[in-house]
Structure formats: structure tokens, C-alpha cells
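Nothing in this text is a laboratory measurement; each read-out follows from the coordinates by a stated rule. Bear in mind that the values here come from a model prediction, so they are computed numbers and not experimental data. Methodologically, a virtual Cβ is constructed for each residue, glycine included, from the backbone with ideal geometry; neighbour enumeration extends over all protein chains shown.
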Amino acid sequence: MPDRPLTPRQREVLDTIDAMTEPRGPTFREMADRVGISPRAIQYHIMLLEEAGFVERLGGYRGIVLTEAGRAALMLAEMPSDEPGEEAQT
């Protein structure tokens with residue numbers, strides 16, 4: 001696990017990869033269109049997520065998949081917060 005939590009944008013990129021991997025992985029352009037940022041910004045976030053161990057490139061421009069750590073990070077991000085001042089969702 002990385003030293004710091006996912007940013008909202010990184011979580012959005014992970015969600016997009018997770019949603020778009022079947023039957024083939026998404027291109028940077030497809031992810032950019034879905035998230036609403038430039039393909040270059042997607043490339044930057046993918047690089048950071050890869051360095052953190054959340055995604056892996058399997059080759060080719062559609063070969064981006066979530067790792068087990070990436071899936072775990074998404075599951076953690078969906079869990080209710082126990083932080084003071086934030087209501088837990090049930």
C-alpha cells in the first residue's frame with residue numbers, strides 16, 4: 001500500500017479502469033473522455049497509480065488492469081469513514 005491515500009482523481013481513474021476493462025482495456029482517450037480530463041493527465045495519473053502498485057500495464061495501449069492492491073484501494077475508498085464530523089453511511 002502507498003504512503004498516502006488516493007486522491008479523488010486517482011480514485012476516479014481507478015473506477016474508470018475497473019468499469020472499462022471488459023472485454024478490452026480502455027485507451028487513454030476513452031478514459032479521458034469519461035473522466036473529463038486530457039489524455040496527458042490520464043497518462044500522468046496512470047503513471048502514479050502504477051508506481052503505487054494499483055495498476056499494471058500488460059502491453060499494448062489497452063493493457064491497463066487493476067492489481068489486487070488497486071481493487072483493495074477501491075473497496076477501502078467505498079467504506080464509510082470513521083472520521084469525526086463525517087457521517088457513516090449505512
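Which order do Met20, Met75, Met31 fall in if you start with the one that has the fewest other Cβ atoms within 10 Å?
Values: Met20 16, Met75 9, Met31 24.
Sorted ascending by nearby Cβ count, the order is Met75, Met20, Met31.
So how do Leu58, Leu74 line up by other beta-carbon neighbours within 10 Å, fewest first?
Taking fewest neighbouring Cβ atoms as first place, the list is Leu58, Leu74.
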